[in-house]
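Notes follow once the structure below has been shown.
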Amino acid sequence: MLNIVLFGPPGAGKGTQSARLIEKYNLMHVSTGELLREAIKEGTPLGQEAKKYIDRGELVPDDMVIGLIENLLDEHHEFSGIVFDGFPRTTVQAQELDKMLGAKGTDIAMMMSLEVDYKELMNRLVARSKLDDRSDDRNMSIIENRIQVYNRQTAIVIDYYRAQNKYLAIDGMGTIDEIFDRIVSGVELYTIKK
Ligand code: AP5
Ligand code: MG
(Lines give C-alpha, C1' and ligand atoms only; values in the text may rest on other atoms or scores of the structure.)
(Ligands and ions follow the chains in the order given, each with its own letter.)
Protein backbone atom coordinates (compact mmCIF):
# COMPACT_ATOMS: atom_id res chain seq x y z
CA MET A 1 0.00 0.00 0.00
CA LEU A 2 1.07 3.55 -0.69
CA ASN A 3 0.30 5.44 2.52
CA ILE A 4 1.46 9.04 2.46
CA VAL A 5 1.44 11.72 5.13
CA LEU A 6 0.98 15.09 3.43
CA PHE A 7 2.24 17.54 5.99
CA GLY A 8 2.58 21.30 6.31
CA PRO A 9 1.24 24.43 8.02
CA PRO A 10 -2.27 25.84 7.52
CA GLY A 11 -2.58 27.07 3.93
CA ALA A 12 0.36 25.00 2.70
CA GLY A 13 -1.87 23.28 0.13
CA LYS A 14 -2.42 19.90 1.81
CA GLY A 15 -6.06 19.68 0.75
CA THR A 16 -5.41 21.01 -2.77
CA GLN A 17 -2.57 18.59 -3.45
CA SER A 18 -4.31 15.64 -1.75
CA ALA A 19 -7.16 15.92 -4.25
CA ARG A 20 -4.69 15.44 -7.10
CA LEU A 21 -2.68 12.71 -5.44
CA ILE A 22 -5.69 10.50 -4.75
CA GLU A 23 -6.76 10.78 -8.41
CA LYS A 24 -3.38 9.84 -9.79
CA TYR A 25 -2.65 6.89 -7.51
CA ASN A 26 -6.14 5.66 -6.55
CA LEU A 27 -5.75 6.60 -2.89
CA MET A 28 -8.24 7.39 -0.16
CA HIS A 29 -8.14 10.96 1.21
CA VAL A 30 -8.27 11.22 4.99
CA SER A 31 -8.38 14.79 6.32
CA THR A 32 -8.99 15.01 10.06
CA GLY A 33 -9.91 18.68 9.61
CA GLU A 34 -12.67 17.75 7.16
CA LEU A 35 -13.88 14.88 9.35
CA LEU A 36 -14.09 17.24 12.31
CA ARG A 37 -15.92 19.90 10.29
CA GLU A 38 -18.43 17.24 9.20
CA ALA A 39 -18.94 16.19 12.81
CA ILE A 40 -19.56 19.84 13.73
CA LYS A 41 -22.10 20.23 10.94
CA GLU A 42 -23.90 17.07 12.06
CA GLY A 43 -23.87 18.32 15.63
CA THR A 44 -22.47 15.10 17.10
CA PRO A 45 -21.07 15.20 20.68
CA LEU A 46 -17.57 14.87 19.23
CA GLY A 47 -18.26 17.75 16.85
CA GLN A 48 -19.55 19.96 19.63
CA GLU A 49 -16.46 19.30 21.72
CA ALA A 50 -14.07 19.74 18.77
CA LYS A 51 -15.63 23.07 17.81
CA LYS A 52 -14.34 24.69 21.00
CA TYR A 53 -10.77 24.04 19.90
CA ILE A 54 -11.13 24.59 16.16
CA ASP A 55 -12.78 27.99 16.57
CA ARG A 56 -9.72 29.17 18.51
CA GLY A 57 -7.26 27.63 16.06
CA GLU A 58 -6.03 25.16 18.69
CA LEU A 59 -5.42 21.44 18.27
CA VAL A 60 -8.23 19.06 19.17
CA PRO A 61 -7.10 16.53 21.86
CA ASP A 62 -5.19 13.53 20.51
CA ASP A 63 -7.66 10.84 21.60
CA MET A 64 -10.50 12.47 19.65
CA VAL A 65 -8.70 12.49 16.30
CA ILE A 66 -7.06 9.10 16.83
CA GLY A 67 -10.55 7.64 17.35
CA LEU A 68 -11.68 9.10 14.03
CA ILE A 69 -8.79 7.50 12.17
CA GLU A 70 -9.26 4.13 13.87
CA ASN A 71 -12.82 3.92 12.57
CA LEU A 72 -11.78 4.75 9.02
CA LEU A 73 -8.99 2.22 8.64
CA ASP A 74 -11.47 -0.62 8.92
CA GLU A 75 -13.23 0.49 5.73
CA HIS A 76 -12.37 1.23 2.13
CA HIS A 77 -10.21 -1.69 1.09
CA GLU A 78 -10.65 -0.93 -2.59
CA PHE A 79 -7.96 1.79 -2.51
CA SER A 80 -4.23 1.39 -3.17
CA GLY A 81 -3.37 3.42 -0.10
CA ILE A 82 -4.22 6.50 1.93
CA VAL A 83 -3.22 10.16 1.89
CA PHE A 84 -3.29 11.51 5.44
CA ASP A 85 -3.90 15.29 5.32
CA GLY A 86 -3.52 17.19 8.59
CA PHE A 87 -2.83 14.03 10.56
CA PRO A 88 -0.65 13.26 12.47
CA ARG A 89 -0.15 16.64 14.14
CA THR A 90 1.62 15.48 17.30
CA THR A 91 4.21 12.80 18.00
CA VAL A 92 1.62 10.84 19.98
CA GLN A 93 -0.64 10.79 16.90
CA ALA A 94 2.27 9.64 14.73
CA GLN A 95 3.05 6.80 17.12
CA GLU A 96 -0.59 5.73 17.28
CA LEU A 97 -0.86 5.83 13.50
CA ASP A 98 2.14 3.51 13.19
CA LYS A 99 0.50 1.10 15.63
CA MET A 100 -2.82 1.14 13.80
CA LEU A 101 -1.23 0.60 10.39
CA GLY A 102 1.12 -2.03 11.79
CA ALA A 103 -1.87 -4.00 13.07
CA LYS A 104 -3.15 -4.03 9.49
CA GLY A 105 0.21 -5.20 8.14
CA THR A 106 1.08 -1.90 6.49
CA ASP A 107 2.96 1.33 7.22
CA ILE A 108 3.61 4.91 6.14
CA ALA A 109 5.67 5.00 2.94
CA MET A 110 6.69 8.63 3.21
CA MET A 111 5.97 11.96 4.82
CA MET A 112 6.04 14.88 2.43
CA SER A 113 6.17 18.28 4.05
CA LEU A 114 5.03 21.29 2.02
CA GLU A 115 7.27 24.27 2.77
CA VAL A 116 5.64 27.67 2.29
CA ASP A 117 6.76 30.98 3.76
CA TYR A 118 4.68 32.83 6.32
CA LYS A 119 3.65 35.71 4.05
CA GLU A 120 2.35 33.34 1.38
CA LEU A 121 0.43 31.26 3.96
CA MET A 122 -1.27 34.41 5.23
CA ASN A 123 -2.08 35.57 1.68
CA ARG A 124 -3.67 32.24 0.78
CA LEU A 125 -5.72 31.94 3.95
CA VAL A 126 -6.92 35.54 3.94
CA ALA A 127 -7.95 35.07 0.29
CA ARG A 128 -9.81 31.87 1.16
CA SER A 129 -11.55 33.50 4.15
CA LYS A 130 -13.45 35.71 1.70
CA LEU A 131 -14.84 32.69 -0.16
CA ASP A 132 -15.52 29.97 2.39
CA ASP A 133 -17.26 29.80 5.73
CA ARG A 134 -14.64 28.00 7.77
CA SER A 135 -14.91 29.25 11.32
CA ASP A 136 -11.13 29.09 11.72
CA ASP A 137 -10.59 31.44 8.75
CA ARG A 138 -12.87 34.01 10.41
CA ASN A 139 -10.22 36.53 11.38
CA MET A 140 -6.52 37.27 11.22
CA SER A 141 -5.80 36.44 14.83
CA ILE A 142 -7.25 32.90 14.54
CA ILE A 143 -5.33 32.34 11.29
CA GLU A 144 -2.13 33.59 12.92
CA ASN A 145 -2.74 31.38 15.93
CA ARG A 146 -3.14 28.28 13.72
CA ILE A 147 0.23 28.98 12.14
CA GLN A 148 1.80 29.50 15.59
CA VAL A 149 0.25 26.27 16.88
CA TYR A 150 1.76 24.50 13.88
CA ASN A 151 5.21 25.93 14.64
CA ARG A 152 5.01 25.22 18.38
CA GLN A 153 3.25 21.84 18.49
CA THR A 154 3.16 20.21 15.08
CA ALA A 155 6.40 20.96 13.18
CA ILE A 156 8.22 18.62 15.56
CA VAL A 157 6.48 15.63 13.92
CA ILE A 158 9.06 16.06 11.13
CA ASP A 159 11.70 14.68 13.51
CA TYR A 160 9.67 11.52 14.04
CA TYR A 161 9.61 10.71 10.32
CA ARG A 162 13.13 11.93 9.71
CA ALA A 163 14.35 9.36 12.24
CA GLN A 164 12.61 6.69 10.14
CA ASN A 165 14.12 8.03 6.91
CA LYS A 166 10.65 8.85 5.59
CA TYR A 167 10.75 12.64 5.59
CA LEU A 168 10.85 14.54 2.32
CA ALA A 169 10.66 18.34 2.15
CA ILE A 170 8.71 19.68 -0.83
CA ASP A 171 8.98 23.28 -2.00
CA GLY A 172 5.36 24.40 -1.63
CA MET A 173 5.81 27.78 -3.35
CA GLY A 174 4.73 28.29 -6.95
CA THR A 175 1.74 27.17 -8.97
CA ILE A 176 -0.43 24.20 -7.97
CA ASP A 177 0.86 22.31 -11.04
CA GLU A 178 4.51 22.97 -10.24
CA ILE A 179 4.07 21.77 -6.68
CA PHE A 180 2.18 18.68 -7.77
CA ASP A 181 5.03 17.77 -10.15
CA ARG A 182 7.44 17.92 -7.20
CA ILE A 183 5.17 15.69 -5.14
CA VAL A 184 4.89 13.15 -7.95
CA SER A 185 8.69 13.12 -8.28
CA GLY A 186 8.84 12.35 -4.57
CA VAL A 187 6.42 9.45 -4.94
CA GLU A 188 8.33 8.09 -7.96
CA LEU A 189 11.56 8.27 -6.00
CA TYR A 190 9.99 6.13 -3.32
CA THR A 191 8.52 3.57 -5.72
CA ILE A 192 11.85 3.21 -7.54
CA LYS A 193 13.68 2.67 -4.23
CA LYS A 194 11.20 -0.06 -3.27
P1 AP5 B 1 -7.20 21.39 8.85
O2 AP5 B 1 -8.49 21.24 8.20
O3 AP5 B 1 -6.18 20.33 8.68
O4 AP5 B 1 -6.64 22.80 8.43
P5 AP5 B 1 -5.18 23.45 8.36
O6 AP5 B 1 -4.05 22.59 8.73
O7 AP5 B 1 -5.33 24.72 9.11
O8 AP5 B 1 -4.95 23.69 6.87
P9 AP5 B 1 -5.89 24.23 5.76
O10 AP5 B 1 -6.95 23.25 5.44
O11 AP5 B 1 -6.32 25.62 6.09
O12 AP5 B 1 -4.83 24.37 4.58
P13 AP5 B 1 -4.28 23.28 3.56
O14 AP5 B 1 -2.86 22.99 3.86
O15 AP5 B 1 -5.22 22.15 3.40
O16 AP5 B 1 -4.28 24.17 2.26
P17 AP5 B 1 -5.37 24.29 1.09
O18 AP5 B 1 -5.11 23.24 0.08
O19 AP5 B 1 -6.73 24.41 1.66
O20 AP5 B 1 -7.41 21.56 10.42
C21 AP5 B 1 -8.34 22.49 10.93
C22 AP5 B 1 -8.41 22.39 12.45
O23 AP5 B 1 -8.93 21.11 12.83
C24 AP5 B 1 -7.08 22.50 13.20
O25 AP5 B 1 -6.71 23.84 13.43
C26 AP5 B 1 -7.40 21.74 14.48
O27 AP5 B 1 -8.15 22.51 15.34
C28 AP5 B 1 -8.27 20.61 13.99
N29 AP5 B 1 -7.50 19.41 13.61
C30 AP5 B 1 -7.43 18.84 12.38
N31 AP5 B 1 -6.64 17.75 12.39
C32 AP5 B 1 -6.20 17.63 13.66
C33 AP5 B 1 -5.32 16.71 14.29
N34 AP5 B 1 -4.74 15.72 13.60
N35 AP5 B 1 -5.06 16.88 15.61
C36 AP5 B 1 -5.64 17.89 16.32
N37 AP5 B 1 -6.48 18.79 15.77
C38 AP5 B 1 -6.76 18.67 14.46
O39 AP5 B 1 -4.91 25.70 0.49
C40 AP5 B 1 -5.18 26.89 1.19
C41 AP5 B 1 -5.70 27.96 0.20
O42 AP5 B 1 -4.66 28.28 -0.71
C43 AP5 B 1 -6.88 27.47 -0.66
O44 AP5 B 1 -7.76 28.55 -0.85
C45 AP5 B 1 -6.21 27.03 -1.96
O46 AP5 B 1 -7.06 27.16 -3.05
C47 AP5 B 1 -5.03 27.99 -2.05
N48 AP5 B 1 -3.84 27.40 -2.68
C49 AP5 B 1 -3.39 26.11 -2.57
N50 AP5 B 1 -2.25 25.95 -3.27
C51 AP5 B 1 -1.95 27.15 -3.82
C52 AP5 B 1 -0.90 27.62 -4.64
N53 AP5 B 1 0.10 26.81 -5.03
N54 AP5 B 1 -0.90 28.91 -5.00
C55 AP5 B 1 -1.90 29.74 -4.60
N56 AP5 B 1 -2.94 29.36 -3.84
C57 AP5 B 1 -2.97 28.09 -3.44
MG1 MG C 1 -6.97 21.49 4.40
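The values are calculated or read from the model by the stated rules, or taken from the named source; none is laboratory data. What you see is a predicted model, and the numbers here were worked out from it, not measured in a lab. Cβ atoms come from the backbone with ideal geometry, glycine included; neighbour counts cover every protein chain shown. SASA here: full protein model, heavy atoms, side chains in, ligands and nucleic acids out. Shrake-Rupley method; radii C 1.70, N 1.55, O 1.52, S 1.80 Å.
At-a-glance table
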item	result
Square roots of 5 times each gyration tensor eigenvalue, C-alpha, the stretch 30-72, largest first, Å	15, 12, 9
Cα-based radius of gyration of the stretch 103-194 once divided by 2.2 N^0.38 Å, which approximates compact folds	1.30
Sum of side-chain charges, Lys24 neighbourhood, beta-carbon under 13 Å (Lys, Arg +1; Asp, Glu -1)	-3
Carbon + sulfur, % of accessible area of the chain - ligands and nucleic acids excluded, 1.4 Å	52 percent
Convex hull per residue volume in Å³, alpha carbons only, for the chain	117 Å³
Average accessible area per residue (Å²) across the chain - probe 1.4 Å, nucleic acids and ligands excluded	51 Å²
The chain: relative contact order in percent, alpha carbon pairs under 8 Å with at least 6 residues between	33 percent
Rounded to whole Hz, the Karplus (6.51, -1.76, 1.60) HN-Hα couplings of the stretch 166-171, x for glycine and proline	10, 8, 9, 7, 10, 5
